[in-house]
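Working notes, structure below.
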Amino acid sequence: MTARILSGREYAAKIKEAAKREADLLGLRPGLAVVMVGDNPASAVYVRNKNKSCEELGFHSVMETLSANTSKERLLAVIDRLNADASIHGILVQLPLPAELSDAEQEVLNRISPDKDVDGFHPVNVGRLSTGQGSLAPCTPAGCIKMLEYADIPMDGKHAVIIGRSNIVGKPMAQLLLAKNATVTICHSHTKDLAKIVREADILVAAIGKPRFVTADMVKPGATVIDVGINRVEPKKLVGDVDFEAVSEVAGAITPVPGGVGLLTVAMLMQNVVTAAKMQLQGNCNIEKTDKGKMA
Ligand code: GUN
């Protein structure tokens, strides 16, 4: 069997078109602020792509670049300013933070107003997602779900297996698949008989950061395989967490790397910016006016 290739380009374009249509109906220009601390080269590429997508859709886009030795207090002050800026509907602090700030990561993410938290990382949004009230879900898993919907791949009653339990992908992916009535199993580094469980998957999501970890013998014939990994194996070669060549002979559908999930993440970010703008416009959010008349 040769798998159907789920093209990130094709589905990202659909997500962006829908976001743009929704933005046009809003009557305001959605605004995104991306905060980048330090000069991690991979992060710089992602951040550039996020700004480029904003430009493409006509969104307002602000880039806050801070040096690697920025203090926590200064970073929190930047977030406070963006929380209070009415032209900014979405705020994203690019991760990872430099080593000096890594202990403060959760405090930094918690400082972003939940209603501007277009990454869906704030505990309020994590809670909203897990109780079925989610509107700002993490972009990578939310983009994957949109792709499955557009590709007409059923989730209801299917066994979805996720490899990886990160806050950014594994855990929110499980919540989103549960909300689609899939039966969900999360595997991780301590899972016994991982290959046996993975072989039971109708939908397999690999998000572990290990190049070509999923081999053809671990995949049920006809399964849908979503590869979230992006691993650099040679100076210029990127591969996923799935052995694409071999697995595409067994799977029913598969995402490539590059050209797969990475593009969906940025597209879904654009949708989240529109969703956040809409909530703020409708007053359907928890941003409160302080006594100084500023939004807190
Ligand atoms: N670093 C890697 N993925 C992400 C993401 O989805 N959001 C942010 N803010 N940083 C990341």
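Data table
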| quantity | calculated |
| --- | --- |
| Range of Cα positions in the range 170-247 per principal axis (Å), largest first | 41, 25, 25 |
| Theoretical gain in end-to-end length, ASN69 to GLN133 [0.36 nm per residue, Cα-Cα removed] | 19.3 nm |
| Share of pairwise Cα separations in the range 132-195, more than 13 Å, in percent | 62 percent |
| Taking N as its residue count, the alpha carbon Rg of the range 58-108 over 2.2 N^0.38 Å | 1.19 |
| Separation between Cα centres of the range 116-194 and the range 35-114, rounded to whole Å | 24 Å |
| Ratio of the Cα radius of gyration of the chain to 2.2 N^0.38 Å, where N counts its residues | 1.00 |
| Cα-Cα over 25 Å, subset of LYS20/LYS72; LYS146/LYS220; LYS50/LYS158 | LYS20/LYS72; LYS50/LYS158 |
| Rg and Dmax [Cα atoms of the range 1-159; Å; Rg one decimal, Dmax integer] | 17.1, 56 |
| Range of Cα positions in the range 165-296 per principal axis (Å), largest first | 61, 37, 27 |
| The chain - charge dipole about Cα centre, Lys and Arg +1 at Cβ, Asp and Glu -1, debye rounded to 20 | 180 debye |
| Hull shadow area, averaged, the range 50-136 [alpha-carbon convex hull, nm²] | 6.2 nm² |
| Cα Rg over Rh - the range 4-88, Kirkwood | 1.05 |
| Chain lengthening between ALA179 and VAL124 when straightened (0.36 nm per residue, less Cα-Cα) | 18.0 nm |
| Normalised contact order of the chain, rounded percent, pairs of Cα under 8 Å and 6 or more residues apart | 24 percent |
| Calculated [θ] (222 nm, deg cm²/dmol) that DSSP helices of n ≥ 4 give over the chain, each run adding -39,500 (n - 2.57) | -12000 deg cm²/dmol |
| Convex hull projection area averaged over all views, the range 117-234, Cα basis, nm² | 8.0 nm² |
| At most 10 other Cβ within 10 Å, DSSP loop - trypsin sites (Lys or Arg not before Pro), the range 179-278 | LYS192, LYS236 |
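Just so you know, all these numbers are worked out from the coordinates, no wet-lab data involved. Keep in mind that this is a model prediction, so the values were computed, not measured. Every residue, glycine among them, receives a Cβ derived from its backbone with ideal geometry; neighbour counts consider all protein chains shown.
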